């Protein structure tokens with residue numbers, strides 16, 4: 001246990017000092033950390049899922065507090081919580097079915113079960129009710145209210161005294177953790193493989209002799225374009241340099257190394273060149289629940305230019321970037337201000353910069369991210385395929401549970 | 001073209017009766033008498049909007065006269081439409097008595113009325129009870145065809161009853177008491193829904209913002225009240241809301257809570273839209289496309305807000321989702337209200353008396369419901385889940 005604590009503390013430190021770059025790397029490290037937390041967590045026999053959920057939530061809150069701007073951390077924590085709930089649910093439905101069969105065969109046990117105060121409801125009803133707690137609240141469940149039946153299988157199984165049932169119970173214990181760890185492994189696999197999944201779809205979207213515009217440097221975009229190149233499509237790429245970090249230069253270098261015809265332009269030239277461009281492809285930092293995109297600074301400008309000239313604006317995002325929160329005031333709350341030294345040289349400007357002492361009045365603002373509202377985005381390409389911005393809520397309902405939105 | 005609209009036929013029908021509404025129209029051949037028999041509500045003025053106005057407390061005397069006259073003229077109508085076999089119980093009376101309470105939502109009143117039907121019923125099987133409920137629900141819907149929450153509430157309740165009874169378990173009496181219990185609880189659910197919506201929308205109201213509000217929605221009022229309680233600094237612009245003058249009442253209520261409020265005439269919305277940060281409206285109903293049906297003027301405001309890039313937020317409980325898909329403004333059931341212009345209207349002048357309009361989903365930014373924060377495209381998904 002103390003080993004896990006130190007691991008968590010170390011990771012929190014890394015997050016706070018922004019030592020991990022990129023949402024994919026952050027997501028992977030977070031999931032691996034949560035996996036160790038889960039495997040080291042000692043679970044009681046009753047209500048194991050609740051114990052696991054509490055442990056993961058506690059760690060998750062620390063991680064999110066360390067770097068609130070890196071939304072992938074929160075996303076991944078919520079994914080893990082959803083996995084725990086799902087596995088728990090599938091185990092309880094299996095257990096209920098199993099109990100039902102046992103009940104049918106043994107009369108004494110039926111009396112026992114009923115004696116605990118469990119009315120003669122069929123397993124189907126309980127399972128349906130339990131399933132509804134997992135789904136977000138909907139019109140269907142509006143009148144049903146909250147069923148307490150999710151905890152019933154445990155009480156009935158712990159109250160029973162037949163040997164077969166106790167054997168079931170202990171295997172149930174081991175099974176939940178095992179299933180959850182399996183699910184988490186699958187999640188890690190998914191996160192690592194997101195680039196390939198997205199790149200597979202490149203051939204459908206990029207056609208012969210097209211001109212693609214991109215901004216800054218994104219590994220997903222790089223893989224995407226190279227995959228199209230592999231399939232013998234010939235096209236040109238305009239790369240907006242992405243001041244002040246000029247990561248576009250790095251991307252241009254990579255693209256040329258892979259044999260693509262590349263042109264570097266300044267961010268300010270985007271509006272001038274947009275009429276010659278067929279498609280804008282951007283990598284996202286995070287995708288919000290309303291379909292809005294958080295991307296490197298400058299993408300909002302590219303999106304507006306694309307809208308004006310009716311150029312499709314395509315956003316590539318792995319599923320770990322999908323955030324179930326709605327952005328209110330994203331320009332301020334989900335943004336990070338970097339060091340002004342990237343923009344101005346301290347030495348030259350030291351006399352007019354405003355250091356708070358009252359001598360100068362020049363302020364420098366260097367935001368990292370930009371918010372693009374959903375009406376400017378034409379298509380999202382995730383590892384599950386291409387989607388409309390108005391479809392994001394569906395993916396979110398699939399990947400996350402409503403109870404985990406506020407951690 | 002305008003001769004074939006339903007509202008026109010209703011007006012025409014009205015013209016044949018001696019009621020003192022100030023308008024007159026050219027006469028095409030009078031409609032068949034069967035219209036009068038089918039519609040159990042003889043007064044073409046929308047009962048729903050009448051009740052809303054009564055809640056707001058601004059009722060003209062002309063209106064009261066008409067309401068009195070209507071009730072007196074057809075006293076036996078109400079009793080003759082009692083749905084239950086033999087007993088003098090009238091679901092419509094029950095519904096109307098619940099509806100009069102200002103704090104109760106329409107759908108809650110409907111569900112309480114249906115619960116009363118269950119209590120008064122003498123059915124012995126689930127099937128019989130369902131049939132009685134269906135009859136009562138149809139009567140209620142036919143009584144006031146303009147109220148969407150009423151229709152949606154009835155449908156929701158019917159759906160709940162038929163779905164849960166399909167699962168094989170308990171005997172009839174426990175099923176009946178369970179359904180009754182749920183119906184009673186629905187009032188609490190509705191109040192809880194308003195609180196949930198208020199909490200969800202808190203993040204979207206920031207310090208120093210200006211909010212434009214149209215119409216007196218109890219949900220929106222709850223949102224503003226909660227924000228004020230959380231010590232947020234914001235100010236409210238509310239439209240006058242002719243002819244209900246809902247804005248005046250809302251302004252009074254907000255001033256009581258010490259929220260800076262400014263009244264505008266309805267035409268001043270575009271003029272003030274520059275200084276507005278967001279628009280909050282309630283909804284009488286949310287339709288399948290994700291658009292809303294709300295008090296007349298909402299569409300106008302949404303159009304102006306959209307053209308100036310201001311977000312329009314809708315606060316609506318989930319039981320207002322209805323299976324309607326209006327394609328244009330005239331696609332709705334006509335809901336008419338008397339328009340008081342403070343001057344006598346010359347006899348040859350027609351008056352647009354519709355009480356509500358339809359706002360298409362592309363002008364709405366987000367919907368705050370008790371199911372969570374939704375984009376307009378989620379509404380049809382929810383409806384499909386419920387009805388299919």
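For all pairs of alpha-carbon atoms in the range B:154-296, what percent lies in each bin of width 10 Å, listed from the first bin to the last filled one?
10, 32, 27, 15, 11, 4, 0
In the range A:203-287, how does Rg compare with the Kirkwood Rh, expressed as the Rg/Rh ratio over alpha carbon atoms? Walk me through the numbers on the way to the answer.
Details: Rg = 11.9 Å, Rh = 12.8 Å.
Ratio of gyration radius to Kirkwood radius for the range A:203-287: 0.93.
Work out the mean other chain Cβ neighbour count within 10 Å for the residues of B:364-376 and drop it here as an integer. Kindly include the intermediate steps, with their values, before the conclusion.
Numbers: counts 0, 4, 4, 0, 1, 2, 2, 7, 10, 7, 4, 10, 1.
If you average over the peptide's residues, the count of other-chain Cβ atoms is 4.
Gap in Å between the Cα centre of the range A:268-322 and the Cα centre of the range A:176-245?
15
Could you tell me the extents of the range B:333-388's C-alpha atoms along the three principal axes, largest first, rounded to whole Å?
51, 25, 20
Taking every Cα atom in the range A:342-407, find the radius of gyration and the maximum pairwise distance Dmax, and write them in Å.
My reading of the Cα-based Rg and Dmax gives 21.7, 55 Å.
Does the range A:237-383 come out rounded, prolate or oblate, given a ≥ b ≥ c as the square roots of the eigenvalues of its C-alpha gyration tensor, rounded meaning a/c under 1.5 and, failing that, prolate meaning a/b above b/c?
It comes out oblate by the Cα gyration axes.
On average over all directions, what projected area in square nanometres does the range A:275-342 have, based on the convex hull of its Cα atoms?
Projected over every direction and averaged, the Cα hull of the range A:275-342 covers 5.8 nm².
Among A:226, A:323, which comes first, second and so on when ranked by fewest other beta-carbon atoms within 10 Å?
Fewest-to-most Cβ neighbours within 10 Å comes out as A:226, A:323.
With the crude spin-label approximation of a point 7 Å out along Cα→Cβ, what separation in nm comes out for residue A:363 versus residue A:249?
3.0
Taking R0 as 51 Å, what's the FRET efficiency between residue A:264 and residue A:175 from their Cβ-Cβ distance, rounded to 0.05?
0.40
Provide B:48, B:319 in ascending order of the number of other Cβ atoms located within 10 Å of each residue's Cβ, fewest first.
Taking fewest neighbouring Cβ atoms as first place, the list is B:48, B:319.
For q values of 0.13, 0.15, 0.19, 0.21 Å⁻¹, compute log₁₀ I(q)/I(0) with the Debye formula on a Cα-only model of the range B:250-388, without solvent.
Once normalised to I(0) and log-transformed, intensities are -0.66, -0.85, -1.19, -1.31.
Enumerate the residues in the range B:201-220 having an amide nitrogen under 19 Å from the point lying 7 Å beyond the Cα of residue A:337 toward its Cβ.
Only B:207 pass the distance filter.
Roughly how crowded by other chains is peptide A:323-336, in terms of the mean Cβ count from those chains within 10 Å of each of its Cβ atoms?
Per-residue shielding by partner chains comes out at 2.
Hey, how many Å between the Cα centroid of the range B:324-388 and the Cα centroid of the range B:307-321?
If we compute the Cα centre of each part, the gap is 12 Å.
Taking Cα atoms of the range A:243-296, Rg/Rh with Kirkwood Rh, to two decimals? Please report the intermediate quantities before stating the final value.
Working: Rg = 13.3 Å, Rh = 13.2 Å.
Ratio of gyration radius to Kirkwood radius for the range A:243-296: 1.01.
In Å, what is the Rg of the alpha-carbon atoms in the range B:259-328, and how long is Dmax?
13.2, 38
Measure out, as a whole number of angstrom, how far apart the alpha-carbon centroids of the range B:207-234 and the range B:99-126 sit.
Taking the Cα centre of the range B:99-126 as reference, the centre of the range B:207-234 is 32 Å away.
Take the Cβ-Cβ distance between residue A:219 and residue B:270 as r, set R0 to 45 Å, and report the resulting FRET efficiency rounded to the nearest 0.05.
0.45
Give the average, rounded to an integer, of partner chain Cβ atoms located within 10 angstrom of each Cβ in A:367-376. Walk me through the numbers before you get to the answer.
Numbers: counts 0, 0, 0, 0, 0, 0, 3, 2, 2, 0.
For this peptide, the per-residue mean of nearby foreign Cβ atoms is 1.
Hey, rough spin-label estimate for residue B:345 and residue B:185, points 7 angstrom out along Cα→Cβ, what's it come to in nanometres?
Calculated label separation equals 4.8 nm.
Could you tell me which of rounded, prolate or oblate describes the range A:309-366, using a ≥ b ≥ c as the square roots of the eigenvalues of the alpha-carbon gyration tensor, with rounded for a/c under 1.5 and, failing that, prolate when a/b is larger than b/c and oblate otherwise?
It is prolate, given that a/c is not under 1.5 and a/b is the larger ratio.
Rounded to the nearest 5, what % of the DSSP beta bridges within the range B:154-299 are antiparallel ones?
If I count the DSSP bridges inside the range B:154-299, around 15 percent turn out antiparallel.
Just want the ordering: A:404, A:54, B:328, from fewest to most Cβ atoms lying within 10 Å of their own Cβ. If you can, show how the numbers build up before the last one.
Working: A:404 21, A:54 12, B:328 8.
Going from least to most buried by this count: B:328, A:54, A:404.
Under a plain spin-label model, where a point goes 7 Å from the Cα along Cα-to-Cβ, how far apart in nm are residue B:202 and residue A:329?
1.4
Computed from the coordinates by the stated procedures, all read-outs in this text should not be read as laboratory data. The shown structure was predicted, so the numbers you read here are calculated from the model rather than taken from an experiment. Quick reminder, even Gly has a Cβ in these numbers, built from the backbone with ideal geometry, and neighbours come from all protein chains shown.
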